[in-house]
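Structure incoming, see below.
The values are calculated or read from the model by the stated rules, or taken from the named source; none is laboratory data. Because the structure is a prediction, the values reported are computed rather than measured. Cβ: placed from backbone, ideal geometry, glycine included. Neighbour counts: every protein chain shown. Note: accessible area is taken over every heavy atom of the protein model, side chains too, but ligands, DNA and RNA are not part of it. Shrake-Rupley method; radii C 1.70, N 1.55, O 1.52, S 1.80 Å.
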Amino acid sequence: MQLTDPITVLSGVGPKTATALADLKITTIKSLLFYFPFRYDDLKSRPLAELVDQEKALFKGTVISPPVVSRFGPHKIRLSVRLLIDQVAVIVSFFNQPWLKDKFIPDEEVAVYGKWNLTKKSVVGLKVITAATKNELDPIYSVNKSIRQKKLVSLIQEAYEQYHELLQDVIPEAVRSHYRLLTDQELVRQMHFPKNQTESLQARRTAIFREFFLFELQIESLRVQNHNSDSGLQLNYDLGALKEFIQTLPFALTTAQKRVVNEICADLKAPHHMNRLLQGDVGSGKTVVAAIAMFAAVTAGFQAALMVPTEILAEQHYQKLTKLFAPMHVRVSLLTGSLKTAARNQVLTEVATGRTNIIIGTQALIQTGIKYKNLGFAVIDEQHRFGVNQRRALREKGPNPDILAMTATPIPRTLAITSYGEMDISTIDELPAGRRPIQTNWLKINQANEAFAFTQRQLAAGDQAFVIAPLVSESDQVSLKNAEDLYERLKKYFGPQTPVALLHGQMPAAEKETTMAAFSQGEIRVLVATTVVEVGVDVPEANVMIIYNADRFGLATLHQLRGRVGRGQRQAFCFLIADPQNEVAVKRMEIMTQTNDGFVLAEADLKLRGQGDIFGDKQSGLPEFRLGDPVANNNILLTARLEVQTIFKADPELKQAAHHALAQYLQQQQAADNFD
């Protein structure tokens, strides 16, 4: 017997149940024992007089009338029974659980867990509590359609009885005793079978620390590997050529850009593997920094690659960087999925032979057919839009090339620790000279014409405008503005003298590119779009941004959209059109009108939404913790991180006897290629 035994060793777990459990990431005895409840029902009985309306509680009473089963509506069944509770006759109703009828025998006592209706003096029953239940708390687990609570609890009980003595502590004893944490055996028992509230709270505190500690262990292990002197390339770039290239740029670098360039170049020259995240607000000049770093790699005799999430963005980067590199005779190629076969084959040949110095493209850069001559440096733009496997695939295209990831979504410190803890972080916290803050106004939906009238005046002065809608077309499900209706409305509003176009993700790639190119060249004056324009689109003459139903977007998305305007020297304006329905949405609108600082907005977003999906994208790479919340439990996270760093500082290879369990855990995780 061992904790790695498959879940099928337990009674009643056949292939079908095993598949359902695998959907919950339960495949072994260990993963079952550490599949903790997300909450507990309090099974302490309390007097009716103490309960408030809609409160869940345990009700003990005597059955004073036989249960009645009745049908109402299609496929709906109600089971009703009268109980005498605290000398009050209370009707208890269960819905769609007719099999509970046998639990209620007249004149016998019964215990029911349910929701109290103070006005009707009635209870909506949730479950019947059996006499065998002795603990004050009843654990509640996340389950799916194929696994019921009762089944999961019975499996956990069986596994605990047979295997709990095999549980060995992974957190070093010195750390455990210092923070008064439970052993793994105590933790598993008190999480699944707490005798009282005190035990459950003590166990939860230990479980959260353990979860953060093991996550940080993996993060710090990656960091140590990245800084191992024999794991990376040493790019000995030509400093003279690099200075010459910087002199050819059409603008002077900001102080922040210079600082970041120095940090990146120091990494390039160092023998360890570079794994750095470059974060900077919208329009802060990250692309130029990446260009300087790519040129440095080229002067060192290596190829450089820039991978971006969309073809529109790839095309824009290609046009911009081709001009920047022209004086230095650097050959730049573009590789996207829509390239014709002949053009694609030519690019592949030039990349494979080394004739191309810098390759710009989408996920086409990591496809199996592309071979690089000597890829030494790779830049991943808007890196949260690529999954872990995609990022790994790019690294495998060369001899462990140095990696620079970039994001325009400023990252609060909490998320930097959890999502990018293995990376060194560089920050551009300064905008180029001459950039004016975008004036942002919040208007109600019935005031939208004010924004259109203002836009018409700005168009007459030479500006262009974006109008953003949350939906492509009309929906029966939600009453939100859609891009197709807006497009038709604005064509009539601005008239035939003002070219208006539509852009959304469902259009063919070629049509999207043609539309975007026409807007970039000024042939289209008003672009009605969905959030497909959120990232990277750079049109200097676009100085008006109107966002419909702005309350439906997170602050990060709103800030990204707003950042599409104000790229030139003229004053830019943003109008948020929204009738927010809750306090959080109102606060989002208010803070957008108060600041242009993406870092301030990122912190605010974190506070308003919790760890959530900060980037509005499930490919964000944010870790999903089962119990811990990096925001609410930030102190525990920081403490766990500090303890892990202290351990690695004293014992980088985890060879000390006290750290053998940690080394074993890392080996198991690397073998499984996933987080526990």
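Glu136 fails exactly one of the following numbered conditions: (1) free of Cβ contacts under 8 Å to residues at least 24 places away in the same chain; (2) among the acidic types (Asp, Glu); (3) surrounded by 14 or more Cβ atoms within 10 Å (Cβ to Cβ). What is the number of that condition?
Going through (1) free of Cβ contacts under 8 Å to residues at least 24 places away in the same chain; (2) among the acidic types (Asp, Glu); (3) surrounded by 14 or more Cβ atoms within 10 Å (Cβ to Cβ) one by one, Glu136 breaks only (1).
Restricting attention to the range 318-336, which residues are within 16 Å of Thr287 (Cα to Cα) and either open to solvent by 70 Å² or more (accessible area, probe 1.4 Å) or at pLDDT below 90 (or both)?
Of everything in the range 318-336, those that are within 16 Å of Thr287 (Cα to Cα) and either open to solvent by 70 Å² or more (accessible area, probe 1.4 Å) or at pLDDT below 90 (or both) turn out to be Gln319, Lys320, Lys323.
Follow-up. Inside the range 1-42, can you point out the residues that are charged (D, E, K, R) and open to solvent by 40 Å² or more (accessible area, probe 1.4 Å)?
Lys16, Asp23, Lys25, Lys30, Arg39, Asp42
Hey, any hits in the range 643-655 for a residue that's at pLDDT 85 or above, open to solvent by 30 Å² or more (accessible area, probe 1.4 Å) and either under 30 Å from Gly283 (Cβ atoms) or in contact with an Asp or Glu (Cβ under 9 Å, 6 or more places away or on another chain) (or both)?
Scanning the range 643-655 turns up at least one residue that is at pLDDT 85 or above, open to solvent by 30 Å² or more (accessible area, probe 1.4 Å) and either under 30 Å from Gly283 (Cβ atoms) or in contact with an Asp or Glu (Cβ under 9 Å, 6 or more places away or on another chain) (or both).
Taking only the range 92-111 into account, find how many residues are over 47 Å from the mean Cα position of the chain (by Cα) and either within 10 Å of Ser80 (Cα to Cα) or surrounded by 15 or more Cβ atoms within 10 Å (Cβ to Cβ) (or both).
1
A further question follows. Among the residues of the range 43-66, are any acidic (Asp, Glu), surrounded by 15 or more Cβ atoms within 10 Å (Cβ to Cβ) and closer than 30 Å to Val124 by Cα?
no
Filter the range 507-531 down to residues that are modelled with pLDDT under 85 and among the basic types (Lys, Arg), then give me how many there are.
Qualifying residue count for the region: 1.
Check off (1) within 44 Å of the chain's Cα centre (by Cα); (2) farther than 15 Å from Val143 by Cα for Ala49 and give me the number that stays unchecked.
Condition not satisfied by Ala49: (1).
Now for a different question. Output the residues belonging to the range 226-256 that are surrounded by 14 or more Cβ atoms within 10 Å (Cβ to Cβ), assigned to a helix (DSSP H, G or I) and either among the β-branched types (Val, Ile, Thr) or modelled with pLDDT under 90 (or both).
Asn226, Ile246
If a residue has to be buried (at least 16 other Cβ atoms within 10 Å of the Cβ) and free of Cβ contacts under 8 Å to residues at least 60 places away in the same chain to count, how many in the range 112-121 make the cut?
Count: 2.
Check off (1) under 17 Å from Phe295 (Cβ atoms); (2) in contact with a Leu (Cβ under 8 Å, 6 or more places away or on another chain); (3) open to solvent by 10 Å² or more (accessible area, probe 1.4 Å) for Gly369 and give me the number that stays unchecked.
With (1) under 17 Å from Phe295 (Cβ atoms); (2) in contact with a Leu (Cβ under 8 Å, 6 or more places away or on another chain); (3) open to solvent by 10 Å² or more (accessible area, probe 1.4 Å) applied to Gly369, the lone miss is (1).
Right, Leu58: touching a residue at least 12 places away in the same chain (Cβ under 8 Å), in a strand (DSSP E or B), more than 36 Å from the chain's Cα centre (by Cα) and closer than 25 Å to His192 by Cβ or not?
In short, yes.
Which is of a type outside the set (D, E, K, R), crowded, with 24+ Cβ neighbours inside 10 Å and not in a helix (DSSP H, G or I), of Leu339, Leu306?
Answer to the check: Leu306.
Residues to consider are Arg552, Arg588; find the one that is at negative phi and without any contact (Cβ under 8 Å) to a residue 60 or more places away in the chain.
Answer to the check: Arg588.
In the list Phe494, Phe553, Phe452, which residue meets the criterion of being open to solvent by less than 50 Å² (accessible area, probe 1.4 Å), of a type in the set (Phe, Trp, Tyr) and modelled with pLDDT under 90?
Among Phe494, Phe553, Phe452, only Phe553 is open to solvent by less than 50 Å² (accessible area, probe 1.4 Å), of a type in the set (Phe, Trp, Tyr) and modelled with pLDDT under 90.
Considering only the range 171-191, I want to know if a residue exists there that is touching a strand residue (DSSP E or B) at 6+ places or on another chain (Cβ under 9 Å), under 17 Å from Phe209 (Cα atoms) and not small (Gly, Ala, Ser).
So far as the range 171-191 goes, yes, one or more of its residues are touching a strand residue (DSSP E or B) at 6+ places or on another chain (Cβ under 9 Å), under 17 Å from Phe209 (Cα atoms) and not small (Gly, Ala, Ser).
Quick check on the range 659-671. Is at least one of its residues modelled with pLDDT under 90, assigned to a loop (DSSP other than H, G, I, E, B) and surrounded by fewer than 12 Cβ atoms within 10 Å (Cβ to Cβ)?
Within the range 659-671 (the criterion being modelled with pLDDT under 90, assigned to a loop (DSSP other than H, G, I, E, B) and surrounded by fewer than 12 Cβ atoms within 10 Å (Cβ to Cβ)), the answer is no, since none of the residues qualifies.
I would also like to ask the following. Can you spot a residue in the range 141-149 that is open to solvent by less than 50 Å² (accessible area, probe 1.4 Å), farther than 23 Å from Ile64 by Cα and not aromatic (Phe, Trp, Tyr)?
Yes; the residues of the range 141-149 include at least one that is open to solvent by less than 50 Å² (accessible area, probe 1.4 Å), farther than 23 Å from Ile64 by Cα and not aromatic (Phe, Trp, Tyr).
Shifting gears a bit: If I ask for residues that are open to solvent by less than 10 Å² (accessible area, probe 1.4 Å) and assigned to a strand (DSSP E or B), which ones from the range 263-278 would you list?
Hits for the range 263-278 are Leu277, Leu278.
Considering (1) modelled with pLDDT of 75 or more; (2) surrounded by fewer than 22 Cβ atoms within 10 Å (Cβ to Cβ); (3) among the polar types (S, T, N, Q), say which one Asn357 fails and leave the rest.
It fails just one condition, (2).
Of all the residues that make up the range 423-445, how many are assigned to a strand (DSSP E or B) and surrounded by fewer than 15 Cβ atoms within 10 Å (Cβ to Cβ)?
Count: 1.
Residue check, Asp676 against (1) modelled with pLDDT under 85; (2) touching a Leu at 6+ places or on another chain (Cβ under 8 Å); (3) open to solvent by less than 20 Å² (accessible area, probe 1.4 Å), all met but one. Which one?
So the condition that Asp676 fails would be (3).
May I ask you to verify whether Arg259 is over 30 Å from Leu601 (Cα atoms), among the basic types (Lys, Arg) and open to solvent by 50 Å² or more (accessible area, probe 1.4 Å)?
no
Could you list all residues from the range 2-18 that are touching a residue at least 60 places away in the same chain (Cβ under 8 Å) and not in a loop (DSSP other than H, G, I, E, B)?
Ile7, Lys16, Thr17
Name every residue in the range 186-214 that is open to solvent by 20 Å² or more (accessible area, probe 1.4 Å) and of a type in the set (Phe, Trp, Tyr), in order of residue number.
Phe193
Given the conditions (1) open to solvent by 10 Å² or more (accessible area, probe 1.4 Å); (2) of a type in the set (Val, Ile, Thr); (3) closer than 12 Å to Val379 by Cα, and given that Ile292 satisfies all but one, which numbered condition is not satisfied?
Of everything listed in (1) open to solvent by 10 Å² or more (accessible area, probe 1.4 Å); (2) of a type in the set (Val, Ile, Thr); (3) closer than 12 Å to Val379 by Cα, Ile292 misses just condition (1).
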